[in-house]
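Input: a single structure, listed below in structure tokens.
The values are calculated or read from the model by the stated rules, or taken from the named source; none is laboratory data. In this text, all values refer to a predicted model and were calculated from it rather than measured experimentally. Don't worry about glycine lacking a Cβ; one is built from the backbone with ideal geometry, like all the others, and counts go over all protein chains shown. In case anyone asks, the SASA skips ligands and DNA or RNA and just uses the protein heavy atoms, side chains included. Shrake-Rupley method; radii C 1.70, N 1.55, O 1.52, S 1.80 Å.
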Amino acid sequence: MSEREKNKKEKQLESHIRDTRNQEMISNEGKKIVDDENSLTAGDRGPTLIEDFLAREKLAHFDRERIPERVVHARGYGAYGDFELYQSMSDVTMADFLQDPSKKTPLFVRFSQVIGSKGCNETVRDVRGFSIKFYTDDGNFDLVAINMPVFFIQDAIKFPDLIHSVKPEPDNEYPQGQTAHDTFWDFMGSNHETTHMAMWIMSDRAIPKNYRTMEGFGVHTYRFVNKDGVAHFIKLHVKPVLGVHPLIWDEAQKLGEDADFHRRDLWTNIKMGNYPEYELAVQIIKEDQEFMFDFDILDPTKLWPEEDVPLQKVGKITLNKTVDNAFSETEQSAFHPGNIVRGIDYSNDPLLQGRLFSYTDTQQARIGANYQQLPINKPIVPVYNNQRDGNSRHVIDRGKVSYHRNLLADNTPSEVPVDKGGFVTYPSSVEGLKKRKTASSFKDHYSQARLFWNSMTPVEREHIIGAYSFELGRCLHVPVRQQMVDRLARVSKELAEPVAKNVGVTVPDVEESTVTKSSPAISLMNTTFVADTLKVAVFLAEGFPGSEVEALLKQLKEAKIHPVIVSGSLGEVKGSDGITYQVDQSFLTGSPLSYEAAYLVGGTEVDDYFHHQARTFIMNMYNHFKPIGARKESSHLLKEMGIEGMPGVIIDIDPHFGQTFIDTMAKQRFWERPSYLYHV
């Protein structure tokens, strides 16, 4: 990347980045190392000497190379990018990075999973984190988001209970990174407020296809405050330009063979120049409209339906740089929902209020009192205050004074008045008696769960029923299953009845929600469908029609589709007219799970191995509802498999096949195919 393309954060990081290639080996104390492979011993076979300071230094550092992993969101992956504003938001906020459309704001994103430890599988059913650190000219702003618009609980005091329930059960320390066990569903069934969130995590939203097609939601209600002191309630969203696309459960299970599936996809696409793009959007409610809705806008278990509170897209996020060191950058990155900037302020959302304390405490406990001085967390603006000392402090502050007010330093660092950019808290009114009590407006736990169910298409409902059936079916205690089905019956008997049948319990005689409203924006069938960046497995055997394949591959690449050459073995595969291709994946090293479509070419030298493996790959992809294409000369294989003429299976029989195949790939799934992956 050239100098002119680097943003302010990249320039700041340059002084912290080094390359050890072609350098002499030198110890941490500056001694040049002669031998890094042998400890100092008394004789050839004698004991190791304690005076070997080089071995002590190396081993002692190794023993301390890990920091405590996050209690939640331990498994994460990061990338850098930029934010570009579409048009000024000065009418509703003073936030510096939302004023000038000509200015780019550097940022860092960390994607993560809630439940599992650092080594868990990336395709399990789980909530994903989608946290963004905006390095603004007014300090850091952190959007600490997840890929669902609501949360399990309403009050942060219950967060330890939620996490204790979902983590491996303490007596046997399993399962790892999964919700399909008794303690989690015991908590969910025992706490009515979780009902809405349970619908989301049992939907396909909980198994995203990749980070590039995953949506982000700020969940909490914040405020925008403009220069005149006028405030609006807001919720922030991050919408992927490629649309929101999931895996299906069978894919997610089988992808367990590649624990790094999501991070590999993000890294590879950024390196290829397929920069992930998202649009930052906001929902805005005027302060005098706070009580106009049939839900409490401060309740984190409720969403603001887009049909009632429209989204306004405000800018583009582009991820264009991978990290140089995953530990120094991704692992040491520290996000906090309390990191706001002038023009953004908090609401009385009770879950947010608890997180304002907890996140600061967490980062200081995990990384240390000076975690903001680490390069990844450091603002791009200078930092001056009277905080001093603490573990691993990077800054060397001169002078005697480390307090305010003072004469010895002319009362500096000096406070900054509001008209010079000083942060001022929005003066929201607060009243009421001290009490430990849930607000009455927070006590409707079923209306929005029913709205979610009403918004699902038949395919999505089938997946939700299958997910509940699997998850509850893994619970060993029948009362836990029964209690959760009792909750589902209050949402919809149409949902509860097949789940109850599948897990061996009964549907109680309770009143189900009468909500008839739906929100089409919730359904994944209403997302964006494009062919951009999709991967298609192109099956080539020796003697393939070279010029024909060359023309099709060119057309696919022009449509931003990534062809992957698959054959019987790695190396070269040669066409009948001398055109050759390097094989990207063999049947042994590749996986049908890695591709969004298949195109069967074959060749004049198709042996039994190629025939069998191509058939296996294609049938696997067919069962996952993916597009299948084939040359007319190779279509007999599709006929043998019994899939010729099925939806999304097309044969090259006309000159417009290339575009037809591209359009077919853009649809991504053909749900109308018969499937035995789900039984409901």
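Note on region 77-211: lysine pairs with Cα distance below 20 Å, sequence gap of 8 or more or different chains, count 5. Considered as an equivalent ellipsoid built on the Cα gyration tensor, region 62-183 has semi-axes of 35, 18, 12 Å, the largest given first.
Positive-end ranking of ILE662, PHE625, ASN121 along the dipole of the chain, with charges on Cβ about the Cα centre, is headed by ASN121. Taking a straight line from the alpha carbon of LYS517, these lysines sit under 17 Å away, with near neighbours fewer than eight places off in the same chain left out: LYS302, LYS493. Measuring from centroid to centroid over Cα atoms, what is the spacing of region 5-55 and region 117-147 in Å? Rounded to whole Å, the Cα centres lie 33 Å apart. Counting charges near ILE579 (Lys, Arg +1; Asp, Glu -1) among other residues having Cβ under 10 Å from its Cβ returns a value of -2. Highest-first packing order for the peptide set 664-670, 551-557 is 664-670, 551-557, based on the mean count of other beta carbon atoms within 10 Å. Per-residue packing, averaged as other Cβ atoms within 10 Å, sorts the ranges 416-429, 159-172 into the order 159-172, 416-429, beginning with the highest.
Using the rule -39500 (n - 2.57) for each DSSP H run of four or more residues, divided by the residues of the chain, the 222 nm mean residue ellipticity is -7500 deg cm²/dmol. Residues in the chain average 49 Å² of solvent-accessible surface per residue, probe 1.4 Å, ligands and nucleic acids excluded. With K and R counted +1 and D and E -1, the other residues having a Cβ less than 11 Å from that of THR506 yield a net charge of -1. Taking other residues whose beta carbon is less than 12 angstrom from the beta carbon of ILE297, and scoring Lys, Arg as +1 and Asp, Glu as -1, yields -3. Take the convex hull of the alpha carbons in the chain; its mean projected area over all directions comes to 39.3 nm².
The dipole here belongs to the chain: it is taken about the Cα centre, uses +1 on the Cβ of Lys and Arg and -1 on the Cβ of Asp and Glu, and is about 1260 debye. Basic side chains Lys and Arg get +1 at the Cβ, acidic Asp and Glu get -1 at the Cβ, and with that the dipole of region 1-99 about its Cα centre reaches some 140 debye.
In this label model, LYS443 and GLN373 are separated by 5.1 nm, measuring between points 7 Å along each Cα→Cβ vector. The magnitude of the dipole of region 211-258, with charges of +1 and -1 set on the Cβ of Lys/Arg and Asp/Glu and taken from the Cα centre, is near 440 debye. When the solvent-accessible area of the chain is split by element, carbon and sulfur atoms take up 50 percent of it, the probe being 1.4 Å. What separates the Cα centres of region 379-458 and region 529-548 is a distance of 53 Å.
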